[in-house]
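One structure below.
The values are calculated or read from the model by the stated rules, or taken from the named source; none is laboratory data. Note that the coordinates shown come from a computational prediction; the quantities given were computed from them, not determined experimentally. Cβ sites come from the backbone with ideal geometry, for glycine too, and all protein chains shown count toward neighbours.
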Amino acid sequence: MPELPEVETTVRGLAPVLLGRRLIRVEARRGDLRRAFPPDLRQRLTGAQVTGLGRRAKYGLVETDRGDTVIFHLGMSGRWRIDPAELGTHDHLVLATDAGRTLALNDPRRFGSVDLVKTEEAGNWPAFRALGPEPLGDAFDADYLRAALAGRAAPIKALLLDQRIVAGLGTISVCEALFMAGIAPGTAGGRISRDRLRRLVPAIKEVLLSAIDAGGSTLRDFAQPDGALGYFSKQFLVYGREGEPCRCGAPVKRRAEGGRSTFYCGRCQR
Ligand SMILES: [Zn+2]
């Protein structure tokens with residue numbers, strides 16, 4: 001599933017194709033993904049110029065000169081294909097620019113979404129209203145996290161996945177950051193010391209930034225025809241490595257709960 005680094009990489013990869021360009025064709029090739037496409041999507045976007053791209057949590061943002069913002073989510077399997085040679089059954093939304101480029105939002109499982117809001121109201125969009133700070137922003141620091149976790153008995157892993165506490169973290173980033181900070185995923189959030197939070201916050205930022213770097217280094221592939229923006233593979237320290245040796249020599253453990261897996265080292269994380 002695409003996490004924050006994939007969405008950030010996707011937005012950075014879309015920028016050279018879309019920024020400053022006018023959309024000359026907007027075609028929804030079915031009525032919905034996870035939910036219906038906005039009925040006025042085509043009318044509001046056709047002829048509009050793209051004035052900005054951005055990201056909030058795991059959503060990508062495309063702003064136009066008409067004061068509209070497209071908000072897209074890649075769901076479980078979404079990706080943007082660039083200049084596809086031909087369109088397939090899973091290409092659900094097609095955008096063409098005045099520079100002759102074509103983008104197709106491809107999403108076989110259709111858990112993604114596309115919404116259209118007034119840019120000035122985007123901050124109040126329901127999915128954004130309750131979001132916590134961006135993990136890469138300055139507002140997300142050890143003091144903030146300490147206050148947000150105060151008195152919380154839930155496991156730190158679950159609390160870091162709570163989008164109201166910090167926006168956009170996924171299970172991969174959280175497993176990796178907890179490993180780097182040496183914190184056991186089941187530790188009650190409110191019981192983690194200030195010193196350990198001072199290790200955890202930079203670990204979260206480092207995990208995200210190094211994944212974004214890895215994504216950025218794959219962007220040159222997307223410049224090719226039929227390139228696709230979305231998932232890219234990375235090397236992890238513990239995620240997906242059950243039974244393999246941790247750097248300390250102990251085997252990486254996996255615990256499954258509610259369809260999600262937690263990967264950790266029982267020796268390095270306390
Ligand atoms: Zn270890």
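What the table shows:
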{"quantity": "Criterion (farther than 21 Å from Leu169 by Cα and at pLDDT below 95) met by exactly one of Asp83, Asp40, Asp91", "calculated": "Asp83"}
{"quantity": "Residue match in region 118-126 (condition: in contact with a Gly (Cβ under 8 Å, 6 or more places away or on another chain) and hydroxyl-bearing (Ser, Thr, Tyr))", "calculated": "yes"}
{"quantity": "Residue that is basic (Lys, Arg), closer than 30 Å to Asp83 by Cβ and either touching a Gly at 6+ places or on another chain (Cβ under 8 Å) or in contact (Cβ under 8 Å) with a residue 24 or more places away in the chain (or both), where the choices are Arg110, Arg152, Arg129, Arg164", "calculated": "Arg110"}
{"quantity": "Matching entry among Val11, Val7, Val17, Val26 (being of a type outside the set (S, T, N, Q), touching a residue at least 40 places away in the same chain (Cβ under 8 Å) and touching a helix residue (DSSP H, G or I) at 6+ places or on another chain (Cβ under 8 Å))", "calculated": "Val26"}
{"quantity": "Residue in region 245-258 that is modelled with the lowest pLDDT, counting only those that are surrounded by fewer than 11 Cβ atoms within 10 Å (Cβ to Cβ) and away from the ligand (no atom under 11 Å from the Cβ)", "calculated": "Gly258"}
{"quantity": "Number of positions in region 1-21 that are surrounded by fewer than 20 Cβ atoms within 10 Å (Cβ to Cβ), not basic (Lys, Arg) and not in a loop (DSSP other than H, G, I, E, B)", "calculated": "2"}
{"quantity": "The listed residue being away from the ligand (no atom under 16 Å from the Cβ), part of a strand (DSSP E or B) and either within 30 Å of Ile82 (Cα to Cα) or modelled with pLDDT under 95 (or both), out of Ser261, Ser173, Ser210", "calculated": "Ser261"}
{"quantity": "Which listed residue is buried (at least 17 other Cβ atoms within 10 Å of the Cβ), at pLDDT 95 or above and within 18 Å of Gly54 (Cα to Cα), from Gly168, Gly132", "calculated": "Gly132"}
